[in-house]
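Have a look at the structure below before the remarks.
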Amino acid sequence: MRIWAKFFVLAIVLTAAAARAEPPVARCDALAGDPHDPKRVGAGVLFFEMEVSDAVVACEAAVGVEPGTARLQYQYARALARMRRADLARDFMRKAADQGYPIAQAELGYMLIGADAAEEGLRLTRLAADQGLALAKGDLGWRYAIGDGVPKDYEKALALIREAVFAGDEYAMDHLGEIYENGWGVKPNDIEAVKWYRAASERRYRGAWYHLANLMLQGRGGLVRDEAQAQVLLERAVGQGLHDAYVALQKLREARGK
């Protein structure tokens with residue numbers, strides 16, 4: 001047994017050494033590539049599932065090797081954002097966006113809209129949507145749905161969001177659920193809302209976990225009222241930093257005495 005243990009330890013050491021020896025560009029692609037980026041190399045990693053410290057180190061080295069490559073600039077920005085180094089993340093996101101990199105335009109647009117720079121944010125979102133990026137189409141559609149920086153237009157909202165849904169974007173799926181839940185430009189339909197929240201939650205989107213939990217607590221959309229399962233969903237969303245889910249979870253715990 002001790003001989004096999006030695007071989008096992010040796011295998012771990014060799015694997016770690018191989019990881020360190022991997023070229024930084026390839027390592028950045030593996031650790032910080034975005035599944036929503038059509039120009040990614042490899043499968044990509046969801047934002048909240050990044051090994052953030054390793055991703056930052058790898059992508060910092062990668063942009064040192066290829067300083068003008070927009071994909072690497074974007075991935076470095078993404079890793080920095082996950083580490084909450086917002087200013088530096090925005091700088092590198094801008095570098096990639098200025099090169100016309102669609103997902104960097106969309107993400108920088110999202111950042112700027114959230115930072116009260118709606119006009120510039122919407123301009124960048126449109127640029128990315130015009131290049132066919134599903135993520136940007138969903139974001140732009142949501143702006144039309146809520147009238148944020150643009151006149152409220154449910155017809156445009158639905159058209160854009162459905163395009164993004166068809167392309168498999170989980171954020172758009174969650175938005176479509178909200179549209180059906182609230183009856184924005186469609187007849188209110190909790191069954192449809194649950195359908196799209198489920199689809200987005202299966203792709204591990206925190207907003208969908210939160211919305212699904214809310215309907216579950218109300219026993220709507222064909223869901224059986226289940227406080228225990230709703231708590232699980234809210235805890236997942238809180239684990240990914242969703243404040244609204246934290247508030248809802250605290251209320252639920254107080255009500256349940258747990």
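The values are calculated or read from the model by the stated rules, or taken from the named source; none is laboratory data. Remember, it's a predicted structure, so these values are computed and weren't measured experimentally. Positions of Cβ are generated from backbone atoms using ideal geometry, with glycine treated the same way; all protein chains shown enter the neighbour counts.
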Taking the residues in the range 73-123 that are closer than 24 Å to Q240 by Cβ and hydroxyl-bearing (S, T, Y) as candidates, determine which candidate is modelled with the lowest pLDDT.
Y110
Can you tell me which residues in the range 170-189 are under 11 Å from H211 (Cβ atoms), of a type in the set (D, E) and within 16 Å of the chain's Cα centre (by Cα)?
D174
Kindly provide the set of residues from the range 83-95 that are part of a helix (DSSP H, G or I), surrounded by fewer than 24 Cβ atoms within 10 Å (Cβ to Cβ) and not basic (K, R), ordered by number.
A86, D87, L88, A89, D91
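Please go through the range 185-207 and pick out each residue that is charged (D, E, K, R) and either touching a Lys or Arg at 6+ places or on another chain (Cβ under 7 Å) or under 20 Å from Q218 (Cα atoms) (or both). It would help to see each step written out before you state the result.
So the first thing to find is which residues in the range 185-207 are charged (D, E, K, R), and the list is 187, 190, 192, 195, 198, 202-204, 206.
Across the range 185-207, the qualifying residues are K187, D190, E192, K195, R198, R206.
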Take the range 67-82 and flag every residue that is of a type outside the set (F, W, Y) and surrounded by 15 or more Cβ atoms within 10 Å (Cβ to Cβ).
T69, A70, R71, L72, Q73, Q75, A77, R78, A79, L80, A81, R82
Filter the range 223-258 for residues that are crowded, with 16+ Cβ neighbours inside 10 Å and of a type in the set (G, A, S); the one that is nearest to the chain's Cα centre (by Cα) is A237
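For the range 189-216, give me the residue count where each residue is under 22 Å from E49 (Cα atoms) and among the aliphatic types (A, V, I, L, M). Talk me through it step by step, then tell me what you get.
Pass one, the range 189-216, residues under 22 Å from E49 (Cα atoms): 197-213.
Going one step further and asking which of them are among the aliphatic types (A, V, I, L, M), we end up with 199-200, 208, 212-213.
Number satisfying all stated conditions: 5.
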For the range 190-201, name all the residues that are under 21 Å from the mean Cα position of the chain (by Cα) and either among the basic types (K, R) or surrounded by fewer than 16 Cβ atoms within 10 Å (Cβ to Cβ) (or both).
K195, R198
Please determine, by comparing only the residues of the range 32-77 that are in contact with a Gly (Cβ under 9 Å, 6 or more places away or on another chain) and without any contact (Cβ under 8 Å) to a residue 24 or more places away in the chain, which one is farthest from E170 (Cα to Cα).
G42
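Consider R204 carefully, then state whether it is closer than 25 Å to V247 by Cα and more than 20 Å from the chain's Cα centre (by Cα). Spell out the reasoning first.
Numbers: closer than 25 Å to V247 by Cα: yes; more than 20 Å from the chain's Cα centre (by Cα): no.
No, not satisfied.
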Among the numbered criteria (1) modelled with pLDDT under 95; (2) in a loop (DSSP other than H, G, I, E, B), which one does A18 miss?
(2)
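For the structure I just gave you, tell me whether A208 is surrounded by 20 or more Cβ atoms within 10 Å (Cβ to Cβ) and in contact with a Ser or Thr (Cβ under 6 Å, 6 or more places away or on another chain).
Against the criterion (surrounded by 20 or more Cβ atoms within 10 Å (Cβ to Cβ) and in contact with a Ser or Thr (Cβ under 6 Å, 6 or more places away or on another chain)), A208 qualifies.
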When E227 is evaluated against the numbered criteria (1) of a type in the set (D, E, K, R); (2) within 25 Å of G114 (Cα to Cα); (3) touching a residue at least 24 places away in the same chain (Cβ under 8 Å), which criterion, by number, is the only one it fails?
(2)
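Residues to consider are A134, A167; find the one that is surrounded by fewer than 17 Cβ atoms within 10 Å (Cβ to Cβ), under 20 Å from the mean Cα position of the chain (by Cα) and modelled with pLDDT of 95 or more. Explain how you work it out, then say what you get.
On the way: A134 fails: surrounded by fewer than 17 Cβ atoms within 10 Å (Cβ to Cβ).
Going through A134, A167 in turn, just one is surrounded by fewer than 17 Cβ atoms within 10 Å (Cβ to Cβ), under 20 Å from the mean Cα position of the chain (by Cα) and modelled with pLDDT of 95 or more: A167.
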For the range 96-113, which residues satisfy the criterion of being more than 15 Å from the chain's Cα centre (by Cα), surrounded by fewer than 24 Cβ atoms within 10 Å (Cβ to Cβ) and in a helix (DSSP H, G or I)?
D98, L112, I113
